[in-house]
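These notes are about the structure you will find just below.
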Amino acid sequence: MKRLLAATFAVTALVGAPLLIGDATASAAPPLGAPGGLNCRLSWYDANTAGITCTGGTFVGAAQCANGKVARGAAAHSGTPSYAYCTSFGSSLATPVRWGAFEAV
């Protein structure tokens, strides 16, 4: 696993690409830095799902679930959202919302 660029939470379930982490508590403040020049933001969320939108390349969104698992979305092109569904793990989003993105390979 490559070095994490920001460590709002540990993500050991993601392998092979740097992860960009943000936290929705500070008015959805942007994360610190971005892998491969990605510029990402939390574009939407509800109790179960986080939508992450990045520009600068193809990426996969991720969000921490309340049960500690990390949900990953589908690969998305620059400017379109990738949705991470915690319901796929029988859970809801962690509070505060912790989200991230990594380059799709």
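The values are calculated or read from the model by the stated rules, or taken from the named source; none is laboratory data. Owing to the predicted nature of the structure, the values given are computational and were not obtained by experimental measurement. Cβ coordinates were reconstructed from backbone atoms using ideal geometry, including for glycine residues, and neighbour counts include every protein chain displayed.
See the values below:
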{"read-out": "Cβ-Cβ under 6 Å pairs, at least 6 apart or on other chains, the stretch 87-105 side hydroxyl-bearing (Ser, Thr, Tyr), far side assigned to a loop (DSSP other than H, G, I, E, B)", "value": "Thr87/Asn48; Ser91/Ala66; Ser91/Asn67; Ser92/Ala47; Ser92/Asn48; Ser92/Ala66"}
{"read-out": "Ala71 being modelled with pLDDT under 95 and aliphatic (A, V, I, L, M)", "value": "no"}
{"read-out": "Matching residues, the stretch 80-105, being in a loop (DSSP other than H, G, I, E, B) and under 14 Å from Trp44 (Cβ atoms)", "value": "Thr80, Val97"}
{"read-out": "Inter-residue pairs, beta-carbon under 9 Å, first farther than 13 Å from Leu38 by Cβ and in the stretch 48-67, second β-branched (Val, Ile, Thr) and part of a loop (DSSP other than H, G, I, E, B), 6+ apart", "value": "Ala50/Val97; Ala63/Val97; Gln64/Thr8; Gln64/Val11; Gln64/Val97; Ala66/Thr95"}
{"read-out": "Restricting the stretch 47-79 to residues that are among the polar types (S, T, N, Q) and outside any strand (DSSP E or B), the residue that is surrounded by the fewest Cβ atoms within 10 Å (Cβ to Cβ)", "value": "Asn67"}
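Residue-by-condition table, conditions (1) at pLDDT below 95; (2) surrounded by 19 or more Cβ atoms within 10 Å (Cβ to Cβ); (3) under 14 Å from the mean Cα position of the chain (by Cα):
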site: Asn39; (1), (2), (3): yes, no, yes
site: Leu42; (1), (2), (3): no, yes, yes
site: Tyr45; (1), (2), (3): no, no, yes
site: Pro81; (1), (2), (3): no, no, yes
site: Ala84; (1), (2), (3): no, yes, yes
site: Thr87; (1), (2), (3): no, no, no
site: Ala101; (1), (2), (3): yes, yes, yes
